[in-house]
Amino acid sequence: MRNFLIAGISVLSVFAVAACGDSGTDSSKSGGEETIKMGVGGPLTGPNAAFGAQLRNGAAQAVEDINAAGGINGKKILLVFEDDVSDPKQGVSVANKMAGEGVKFVVGHFNSGVSIPASDVYLENGMLMVTPASTNPKITDRQMWNVFRVCGRDDQQGTVAGEYIAKNLADKKVAIVHDKTPYGKGLADETKKALNNAGITEVIYEGINLGEKDHSALVAKMKDAGAELVYFGGVHTEGGLIVRQMRDHGLNATLMSGDGIATDEFASIAGPAAVGTLMTFAPDPRKRPEATDALKKFDEKGISTEAYTLYSYAVVQIIKQAAEAIQSLDPKKVAEQMRSGQEFETVIGKIAFDKKGDVNRLDYTMYTWQNVDGGRVTYVEN
């Protein structure tokens, strides 16, 4: 299925283009006509490829729709896809590659640990980056002119998780585990802070290594500590293995995690052990009336719209609306407009940005992984 989607989306990136000048942008030439080069950076291969597909699918459909309506300021968008493999060094490499290819606007990246160093490259090259998915506070706390996100922050997400535990699971012994990445550790630390502020002290705080397959020692330590709730800061690959091995070793503690497990591949890895897992994520954007038309187009192509698919679509919408409000494709001017207080109409609702580049709404709620549709396991909003 994924190979089919890649082929289909590659076709989407080759569009008919229209000529119309703007002295504020370095437009690329395709067939002798001007285009706007927009990059999508994310893990298109590797363990987090499910999330990379979400970023690519969302951006590609948005570009198809916008180009069909005339493009941005009369110019068609040409998409450039780059694979960062969730690796910070590779993220810097693809950022430099996109800069060399004349990309001025970037949808990405997925991992906070990639977005942070890549954004420095984009800053040096005058490129605007809007991440659909990177939640570490450092991304926007540096207050770089060229960095925005349409998702929430880990200090918000961790607060929601910690307050939920304090309100509903305060009698449980809590273990906190993270994957040592800026995203995973950052989220775990924010949740720990909220718990500690509520008077709850964890029985274990442990880090694991990315790519690690055998978590039996960790599970044994959690069993010895009497853990009844395991909070995991990380992504679906390790999270799925941990909860599966918890059940294999007789540990029936509830797993709770964040948006890093928001893909049905989590259930594929965890198996039946995924049922009952708690997860923080944004209110389901697929339920918004603004998303109806886009969802029909995804459905017609057999493309799943889970997690960050619609968020990536929204990034392209925002860049279009900001550029058209000022009739310019200069990235710095577009960024200034995005911070102006303008409210953007998107498939994930109305969005405005604060001076840091964060959205001005709290974007987290609680989900539970459940059996639905005759046995399929997925996340359902509480």
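If you take the residues of segment 134-172 that are among the aliphatic types (A, V, I, L, M) and within 21 Å of Leu255 (Cβ to Cβ), which of them is surrounded by the fewest Cβ atoms within 10 Å (Cβ to Cβ)? My answer is Ala170. Within the span defined as segment 191-200, every residue fails to be buried (at least 24 other Cβ atoms within 10 Å of the Cβ), in a helix (DSSP H, G or I) and touching a His at 6+ places or on another chain (Cβ under 7 Å).
Of the listed requirements (1) more than 18 Å from Val372 (Cβ to Cβ); (2) in contact with a His (Cβ under 6 Å, 6 or more places away or on another chain), Asp214 misses just one: (2).
Would you say Ser304 is at pLDDT below 95 and surrounded by fewer than 23 Cβ atoms within 10 Å (Cβ to Cβ)? Step through it out loud before you land on a result.
On the way: at pLDDT below 95: yes; surrounded by fewer than 23 Cβ atoms within 10 Å (Cβ to Cβ): yes.
Yes, satisfied.
Under the condition of being of a type in the set (Lys, Arg) and over 22 Å from Ala291 (Cα atoms), which residue from segment 323-355 is farthest from the chain's Cα centre (by Cα)? Outline the logic, then answer.
Of all residues in segment 323-355, those of a type in the set (Lys, Arg) come to 332-333, 339, 350, 355.
Checking which are over 22 Å from Ala291 (Cα atoms) leaves us with 332-333, 339, 355.
Working: Lys332: 23, Lys333: 25, Arg339: 21, Lys355: 21 Å.
Result: Lys333.
I'd like to check something: does segment 359-375 contain any residue that is more than 29 Å from Gly240 (Cα to Cα) and modelled with pLDDT of 95 or more? So far as segment 359-375 goes, yes, one or more of its residues are more than 29 Å from Gly240 (Cα to Cα) and modelled with pLDDT of 95 or more.
Considering segment 156-178, the residues that are assigned to a helix (DSSP H, G or I) and β-branched (Val, Ile, Thr) include one that is farthest from the chain's Cα centre (by Cα), namely Ile165.
Rundown of residues vs (1) surrounded by 24 or more Cβ atoms within 10 Å (Cβ to Cβ); (2) not in a loop (DSSP other than H, G, I, E, B), yes/no style:
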residue: Val40; (1), (2): yes, yes
residue: Thr45; (1), (2): no, no
residue: Leu55; (1), (2): yes, yes
residue: Leu79; (1), (2): yes, yes
residue: Val85; (1), (2): no, no
residue: Lys89; (1), (2): no, yes
residue: Val92; (1), (2): no, yes
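Selection over segment 112-149 of residues that are farther than 16 Å from Glu336 by Cα and among the aliphatic types (A, V, I, L, M) gives a count of 6. When residues in segment 240-272 are screened for being closer than 14 Å to Thr368 by Cα and basic (Lys, Arg), 0 of them pass. Surrounded by fewer than 24 Cβ atoms within 10 Å (Cβ to Cβ), part of a helix (DSSP H, G or I), at pLDDT 95 or above and polar (S, T, N, Q): is that true of Gln337 in this structure? Criteria met by Gln337. Among residues of segment 109-130 that are within 25 Å of Gly234 (Cα to Cα), those with a Cβ under 6 angstrom from a residue that is part of a loop (DSSP other than H, G, I, E, B) and charged (D, E, K, R), sequence gap 6+ or separate chain, pair up as His109/Asp84; Val114/Asp84. Of the residues making up segment 307-333, those that are farther than 29 Å from Phe281 by Cβ, in a loop (DSSP other than H, G, I, E, B) and not hydrophobic (A, V, I, L, M, F, W, C) are Gln327, Ser328, Asp330. Which members of segment 179-194 meet the condition of being closer than 12 Å to Asp155 by Cα and either over 18 Å from the mean Cα position of the chain (by Cα) or of a type outside the set (Gly, Ala, Ser) (or both)? Result: Tyr183, Lys185, Leu187, Asp189, Glu190, Thr191, Lys192, Lys193, Ala194.
Looking at Lys104, Lys97, which is the one that is touching an Asp or Glu at 6+ places or on another chain (Cβ under 8 Å), of a type in the set (Lys, Arg) and without any contact (Cβ under 8 Å) to a residue 60 or more places away in the chain?
Lys97
The residue that is surrounded by the fewest Cβ atoms within 10 Å (Cβ to Cβ), counting only those in segment 356-382 that are within 21 Å of the chain's Cα centre (by Cα) and among the basic types (Lys, Arg), is Arg361.
Confirm whether His249 is touching a helix residue (DSSP H, G or I) at 6+ places or on another chain (Cβ under 7 Å), surrounded by 24 or more Cβ atoms within 10 Å (Cβ to Cβ) and not charged (D, E, K, R). So His249 does not fit the description; no.
The values are calculated or read from the model by the stated rules, or taken from the named source; none is laboratory data. From a predicted model like this one, the values you see are computed outputs, not experimental measurements. Cβ atoms come from the backbone with ideal geometry, glycine included; neighbour counts cover every protein chain shown.
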